[in-house]
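Beneath this line is the structure, given in structure tokens, with notes to follow.
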Amino acid sequence: MQRKKLRHTNRERSDKTRAALLDAARELFVAKGYAETATPEVVAAAGLTRGALYHHFEDKKALFRAVVEKEADKVAAAIEELADGGLAPRETLLAGAAAYFDAMAVPGRVRLLLLDGPAVLGVTEMAAIDAAHGGRTLEEGLAAAMAPRGFGNKAIMATAFLLSAAFDRAALEIDAGAARADYAYAIDRLIDRLIAP
């Protein structure tokens, strides 16, 4: 019994250390950018040692990837929560679009996911992260909404990819100061055009 409790305590301590590193790294990556953030700054901000950092992450890039994955997961969860209300396919897509814009309004998220993420990890790795953390939700929504048109899986995947790029471009513009309402309206009209019979 004592051994099981010790293992549980070690796991909790390890999770707490990892969370502290991720939180400190996120704050610094958002404030300074990936290139200007040094690992000694991260461990100092987390109140930990370099050994703790390298126990959990191979290097700064692995730490950054973990931060990006955590952010992508939060965006996906927000979309799935709002869009998973038993709505018709069109309304589900529109609710998902609104949830995406809400989720991307969290300070620092655009920088992490749309600017530094692709620059540091590459477009292919970012696409894999997106696919692992909710990319399928958009594909499933489009497949349901476009079912009457008889599109195949490849066409649905390509459409989801292009629509996702439009979402990202809109998020970049909104983050730069453009009116969200204008881009939300344009995305809604784009969805309507794509799914119209």
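The values are calculated or read from the model by the stated rules, or taken from the named source; none is laboratory data. From a predicted model like this one, the values you see are computed outputs, not experimental measurements. As a convention, Cβ positions derive from the backbone with ideal geometry for all residues, glycine included, and neighbour counts pool all protein chains shown.
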When segment 151-197 is checked residue by residue, the ones that are among the charged types (D, E, K, R), closer than 22 Å to Ala88 by Cβ and either in contact with a helix residue (DSSP H, G or I) (Cβ under 8 Å, 6 or more places away or on another chain) or surrounded by 11 or more Cβ atoms within 10 Å (Cβ to Cβ) (or both) are Asp188, Asp192
Checked Glu91, Glu125, Glu71 against criteria (within 30 Å of Ile191 (Cβ to Cβ) and in contact (Cβ under 8 Å) with a residue 60 or more places away in the chain); the one match is Glu125
Going through segment 47-69 in order, the residues found to be outside any helix (DSSP H, G or I) and exposed (fewer than 13 other Cβ atoms within 10 Å of the Cβ) are Gly47, Thr49, Glu58, Asp59
Picking from Ala44, Ala72, Ala31, Ala76, the residue that is modelled with pLDDT of 95 or more, assigned to a helix (DSSP H, G or I) and crowded, with 16+ Cβ neighbours inside 10 Å would be Ala72
